[in-house]
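The values are calculated or read from the model by the stated rules, or taken from the named source; none is laboratory data. In this text the structure is predicted, and so the values were computed from the model without any measurement. Positions of Cβ are generated from backbone atoms using ideal geometry, with glycine treated the same way; all protein chains shown enter the neighbour counts.
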Amino acid sequence: MFYKLMLFWLHNPQVGELTLIGAVPAEALWKGVTSVSNAGRKRGRGKGVGKKIAKNLNRGQIIGVGKDNIIWPGLTVPVIRGRELVQQQKLPEDPEREKKLIKLRDDMGHFRPLKLSPIERGWSGTKMPGRSIGPPDPVGEETFEGFDTKVLELKSVFNMEGNMGRRRQISAFVVTGNKNGSAGIALGKAAEAKVALRKAKNRAGQKLLYIEIFNNHTVYHDFFCQFGKTKIFVTKKPEGYGLVCHRAIKTSCEVIGIKDLYAKVEGPTNLQHIVKAFLIGLLQQKTHQMLAEEKKLHVVEFRKENDYFPTVVASPPICRKQAQVKPYEVMDYTQYALGDRVFLRKKKEPPFFTKLPSWENYLKKAQYTRNRNKVKVSLLAEYGQVQSFYAEKYPECVQGYRRPQETVAE
Amino acid sequence: MAVRKVLSQRDLINMFCRSCNMLFRVKCASEMKTVRSLANQTAAGERDPAPLFFNSNVQQLLKKLTRMDLRTIFRTKRYGAPLKAPEYKFMTTEELDAVMKGAEEKAEKKLQMPPVIKARSEEPEVLSSDYELQGHSEAKFIFTDITFGSSDRERIMVVRDTNGVLRKATREERYRMNETYFPQPGRSIRMPHMFEKEYLERLLDQRSYEFVLDRACLQFEPDDPMYQDVTATTYEAVDRAQHYSALRSTRHFGPFAFHLAWNRSIDSLLLDLIQTDRLDEAVALIQLYHIVNPEARSVSANFEPGLEHKFIQAYVESDSKKRNVLELALQANEELHKQRAETEAGILRAHGNT
């Protein structure tokens, strides 16, 4: 592109003026800098091209007229007016001029990209994935009250057809739910993104599933789930833990009504596979009652915050006796719920720098600071500020102390 | 004597500094505004509550009044630590019963009452007066036996004063040295500000009774006058506001009930028990009152099972300070029992059993 724009200025000594060879109008130059060739566009180059990114500051400005209101004979006014020669002269400043210019520039419009409020924002910028698109449209008398739909994927897909050739479509993958256990996923395709989203949303409303949520905040037990080669390991978490998982799982959990969970995805991270695997896992969960009936044993809960007081959460109609429990039976709740699978929990290696001699050095040097924060807090509680117990006797040992300035006798 | 003298120069300096600190603390404590008047303390100090409190009959009555409710004892308590996901176990009925029994034992341990004892006198025993040592130093020396195995209360501690007197350490000195050599987690050397009058009042207004009492148990020895002040203030606040459920099924209800009986102010609690139809507990409370105050006028009344109203009536008539209110409540309760009996008889009759 660069050679096209190269301009050759030659000096003609006979004429005594500059000649431009291969002169190109300004518009073409501007386009050359800012646009991208058709072939380049197909390869995905220049995605930001075409947007107006700058304002033409030359508009409304005339050569010779500036901030200082000066008359330039021959440039802004004729040299001779009547029979008099006009002199170069400074007139009083025109305050309106600056304002007019600013107004003209404002009228050219803002070119800032569309900004969303943090509440409506999706996973990234102004992109659709992660954004909410409202409840599915009502079908007859049935309305989807309390439902919300979130976009999980919005991408263009292509299909080769005999007579049409390469046909481009937009594919939208969404999840809808009422935050109380009802949820559905669906894929919608259309030539327009808006239509694809609407299709997907309404289809999701027709394919609702019911998911059991434990105590209205998390899953019933740890579980493993798989779709294709995408494997997910889900761990039950206490209240306040939050959703620590892939963003697609997080968004799905938000509309389902799950608030606390940890999930690790292993294998391919195809988004649709992740969501499908996760939903399969949720549906295959067993409630406490189901487990109690399967095992014919009581399910007893122990919570640390209740000092491990045994609470029976589910009981079978007839409980087995101790003698009926076989010695090889799986009695561990988590192991049983996982179907004898065991999560590989890798030991976290200490960081490399802890092996360096400088780390030892640092530890030795920083050792005296180890209790500083605690001491600071206790001093703040004791005195309301960081000060020693000697402060009453020696005020100079208080933080921020300034020696009073001695008054000089005159 | 197994006194470990630490004689290196650095330690001597340390000791010197510590004793300085201690002097400072003693000074501060004396200047600090105590919550209740001293006159009240001396009045209570004349009788020793310990033999009464540890009496097995009294302990039984106090346990009955505490009302062991496992749900309340094991209620959710969050201490700021991050929560953990609950654990689950499959259990047979036998295993479940065993676990529940274990929980009950644990609950009993959790309900162990802090002792109610007399405040310790401040006069330390003088071991020897060596006035030839007068002015040996500008600070007193404390010698602490830090041998392994002796408890904080039994540990030998002696003080050489600047005037040459060798004496046993005072309560304050003992507390300080114990805290220096054997610090207890959660206990601070200086008294936390929350036990000062203005902050304590604010806490009691917020109904944080259990928090105050728990912290007092942690911070003070039971024979510390400050402990007795704080607990008495809290008990009185609970009684005044009639927030008995805030202390019920905690280890503090026993000492609270004992405090009320000791100070002859059981009437509000008795009213609450009658109104909530807990006559067995009302009887226990009056029995406790009789044991603690043998000079009471209704002491001669004997309780016979089934005649709760009569027993309570005897107390209300001769010893209560809120006679009118209590009598009304008692009458209403009697009426209630009568109606209940009539209904039951009616049901039996309807079923054909006369």
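Candidates in segment B:59-91 are the residues that are at the interface with chain A (Cβ under 10 Å from one of its Cβ atoms) and among the basic types (Lys, Arg); of these, the one that is farthest from A:Thr235 (Cα to Cα) is B:Arg71. Can you tell me which residues in segment A:361-385 are of a type in the set (S, T, N, Q), more than 25 Å from B:Phe195 (Cβ to Cβ) and surrounded by 10 or more Cβ atoms within 10 Å (Cβ to Cβ)? Selection gives A:Asn361 alone.
One line per residue, one yes/no per condition, for (1) more than 9 Å from every other protein chain (Cβ to nearest Cβ); (2) assigned to a loop (DSSP other than H, G, I, E, B); (3) more than 40 Å from the chain's Cα centre (by Cα):
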residue	(1), (2), (3)
A:Arg320	no, yes, yes
A:Val342	yes, yes, no
A:Lys346	yes, yes, no
A:Pro350	yes, yes, no
A:Asn373	yes, no, no
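Would you mind stating whether A:Gly134 is part of a loop (DSSP other than H, G, I, E, B), within 18 Å of the chain's Cα centre (by Cα) and not basic (Lys, Arg)? Against the criterion (part of a loop (DSSP other than H, G, I, E, B), within 18 Å of the chain's Cα centre (by Cα) and not basic (Lys, Arg)), A:Gly134 does not qualify. Scanning segment A:151-183 for residues that are surrounded by fewer than 22 Cβ atoms within 10 Å (Cβ to Cβ) and farther than 27 Å from A:Lys42 by Cα yields A:Asn178, A:Lys179, A:Asn180, A:Gly181, A:Ser182.
Filtering segment A:196-213 to residues that are touching a residue at least 24 places away in the same chain (Cβ under 8 Å), out of contact with any helix residue (DSSP H, G or I) (no Cβ under 9 Å at 6 or more places or on another chain) and either β-branched (Val, Ile, Thr) or within 30 Å of A:Glu239 (Cα to Cα) (or both) leaves A:Ala204, A:Gly205, A:Leu208. Please tell me if A:Lys207 is modelled with pLDDT of 95 or more, more than 14 Å from every other protein chain (Cβ to nearest Cβ) and surrounded by fewer than 18 Cβ atoms within 10 Å (Cβ to Cβ). For A:Lys207, the condition - modelled with pLDDT of 95 or more, more than 14 Å from every other protein chain (Cβ to nearest Cβ) and surrounded by fewer than 18 Cβ atoms within 10 Å (Cβ to Cβ) - is met.
What number of residues within segment A:210-241 are within 14 Å of chain B (Cβ to nearest Cβ) and either in contact with a Cys (Cβ under 8 Å, 6 or more places away or on another chain) or more than 16 Å from B:Lys84 (Cα to Cα) (or both)?
Counting residues in segment A:210-241 that are within 14 Å of chain B (Cβ to nearest Cβ) and either in contact with a Cys (Cβ under 8 Å, 6 or more places away or on another chain) or more than 16 Å from B:Lys84 (Cα to Cα) (or both) gives 2.
The set of residues in segment B:286-332 being β-branched (Val, Ile, Thr) and within 16 Å of B:Ser268 (Cα to Cα) consists of B:Ile286, B:Ile312, B:Val316, B:Val325. Against the conditions (1) surrounded by 15 or more Cβ atoms within 10 Å (Cβ to Cβ); (2) closer than 25 Å to A:Leu380 by Cβ; (3) at pLDDT below 95, B:Phe195 satisfies every one except (3). Only one of the listed residues (A:Ser358, A:Ser388, A:Ser315) is over 30 Å from B:Phe195 (Cα atoms) and either more than 10 Å from chain B (Cβ to nearest Cβ) or in contact with a Lys or Arg (Cβ under 9 Å, 6 or more places away or on another chain) (or both). That residue is A:Ser358.
Just checking, which of B:Glu154, B:Glu122, B:Glu94 is free of Cβ contacts under 8 Å to residues at least 40 places away in the same chain and more than 9 Å from chain A (Cβ to nearest Cβ)?
B:Glu154
Of the residues making up segment A:319-357, those that are aliphatic (A, V, I, L, M) and either touching an Asp or Glu at 6+ places or on another chain (Cβ under 9 Å) or at pLDDT below 95 (or both) are A:Ala323, A:Val325, A:Val330, A:Met331, A:Ala337, A:Leu338, A:Val342, A:Leu344.
Take B:Asp11 and decide whether it is at pLDDT 95 or above, surrounded by fewer than 13 Cβ atoms within 10 Å (Cβ to Cβ) and over 30 Å from the mean Cα position of the chain (by Cα). No, not satisfied. Checking A:Lys259 against (1) closer than 22 Å to A:Gly177 by Cα; (2) more than 14 Å from chain B (Cβ to nearest Cβ); (3) surrounded by fewer than 21 Cβ atoms within 10 Å (Cβ to Cβ), only one condition comes out false. Which one? Checking A:Lys259 against (1) closer than 22 Å to A:Gly177 by Cα; (2) more than 14 Å from chain B (Cβ to nearest Cβ); (3) surrounded by fewer than 21 Cβ atoms within 10 Å (Cβ to Cβ), the one that fails is (2). What's the total number of residues in segment A:264-290 that are closer than 17 Å to A:Glu212 by Cα, part of a loop (DSSP other than H, G, I, E, B) and either β-branched (Val, Ile, Thr) or facing chain B (nearest Cβ under 9 Å) (or both)? Of the residues in segment A:264-290, 1 are closer than 17 Å to A:Glu212 by Cα, part of a loop (DSSP other than H, G, I, E, B) and either β-branched (Val, Ile, Thr) or facing chain B (nearest Cβ under 9 Å) (or both). Considering the conditions (1) in contact with a strand residue (DSSP E or B) (Cβ under 7 Å, 6 or more places away or on another chain); (2) within 30 Å of B:Leu213 (Cα to Cα), B:Asp130 is excluded by exactly one of them, (2).
Selection over segment A:291-308 of residues that are within 7 Å of chain B (Cβ to nearest Cβ), more than 11 Å from B:Glu87 (Cα to Cα) and not in a strand (DSSP E or B) gives a count of 5. Within segment A:371-390, residues that are closer than 12 Å to B:Ser188 by Cβ have Cβ atoms under 9 Å from residues that are in a helix (DSSP H, G or I) in these pairs: A:Ala381/B:His193; A:Glu382/B:His193, counting only partners at least 6 apart in sequence or on another chain.
No other residue among B:Glu221, B:Glu236 is free of Cβ contacts under 8 Å to residues at least 12 places away in the same chain and of a type outside the set (Gly, Ala, Ser) apart from B:Glu236. Residues in segment A:331-340 that are more than 9 Å from every other protein chain (Cβ to nearest Cβ), surrounded by 13 or more Cβ atoms within 10 Å (Cβ to Cβ) and either among the hydroxyl-bearing types (Ser, Thr, Tyr) or assigned to a loop (DSSP other than H, G, I, E, B) (or both): A:Leu338 alone. Scanning segment A:227-260 for residues that are part of a loop (DSSP other than H, G, I, E, B), of a type outside the set (Gly, Ala, Ser) and more than 22 Å from the chain's Cα centre (by Cα) yields A:Lys229, A:Lys237, A:Pro238, A:Glu239.
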